[in-house]
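The next block holds one structure in the form of structure tokens; read it before the comments.
The values are calculated or read from the model by the stated rules, or taken from the named source; none is laboratory data. Being a predicted model, the structure only gives us computed values, none of them experimental. Cβ placement follows ideal geometry from the backbone for every residue including glycine, while neighbour counts extend to all protein chains displayed.
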Amino acid sequence: MKAVIQRVTSASVTVDDNIVGQIGRGIMILLGVEKGDAEEQADWLADKICALRMFSDNDDKMNLSVQDVGGSLLVVSQFTLAGNCAKGRRPSFDTAAPPDEGKRLYEYFVKAAARTGVPVETGIFQAGMQVSLVNDGPVTFILER
């Protein structure tokens, strides 16, 4: 399971000209599910992201988590994170989880993140989405488990 996480001042996801998920201060998460991923990875990733100290304290040091600052999460499924671009000019998605399993683990991750007490908004799995965000810092991390 892979996640690209960005500290944001705001973020939203739109489907068919309708905003389906929107947050203010918090973390924008692009989540990719691969073959062989399980609930264990989702639990670890949700806990890690919600406790990761990536927000600045009064001394401008990254000492605060999204929980500490009262922020939210916006979780968007990102199939292309499973893309392998090592060979040729067209990405291979052989390592991506099949759609049913990907959706199941995406939804499991969302519930695991919500269990931490952080408010969670989402996109729509397998929909064509437009994502808008204001990256704060910019601060971006890639997590894999």
Seminar exercise, completed: Scanning segment 120-145 for residues that are touching a helix residue (DSSP H, G or I) at 6+ places or on another chain (Cβ under 8 Å) and either exposed (fewer than 13 other Cβ atoms within 10 Å of the Cβ) or farther than 20 Å from Lys2 by Cβ (or both) gives Gln126
Exercise. In segment 70-81, is there at least one residue being without any contact (Cβ under 8 Å) to a residue 40 or more places away in the chain and in contact with a strand residue (DSSP E or B) (Cβ under 6 Å, 6 or more places away or on another chain)?
Worked result: no
Exercise. Of the residues Lys87, Lys111, which is of a type outside the set (Phe, Trp, Tyr), modelled with pLDDT under 95 and out of contact with any strand residue (DSSP E or B) (no Cβ under 6 Å at 6 or more places or on another chain)?
Worked result: Lys87
For this session: Scan Gly36, Gly26 and give me the residue that is at positive phi and crowded, with 17+ Cβ neighbours inside 10 Å.
Result: Gly26
Exercise. Of these, Glu144, Glu101, Glu107, Glu121, which one is touching a Gly at 6+ places or on another chain (Cβ under 7 Å) and among the acidic types (Asp, Glu)?
Worked result: Glu121
For this session: Count, please, the residues in segment 44-72 that happen to be closer than 25 Å to Ala96 by Cα and surrounded by fewer than 17 Cβ atoms within 10 Å (Cβ to Cβ).
Result: 3
For this session: Report yes if some residue within segment 28-43 is over 13 Å from the mean Cα position of the chain (by Cα), part of a strand (DSSP E or B) and free of Cβ contacts under 8 Å to residues at least 12 places away in the same chain; otherwise report no.
Result: no
Exercise. When segment 4-20 is examined, which residues are found to be surrounded by fewer than 22 Cβ atoms within 10 Å (Cβ to Cβ) and closer than 16 Å to Pro119 by Cβ?
Worked result: Thr9, Ser10, Ser12, Ile19, Val20
Seminar exercise, completed: (1) under 17 Å from Asp43 (Cα atoms); (2) of a type outside the set (Val, Ile, Thr); (3) within 13 Å of the chain's Cα centre (by Cα) all hold for Ser72 apart from (1)
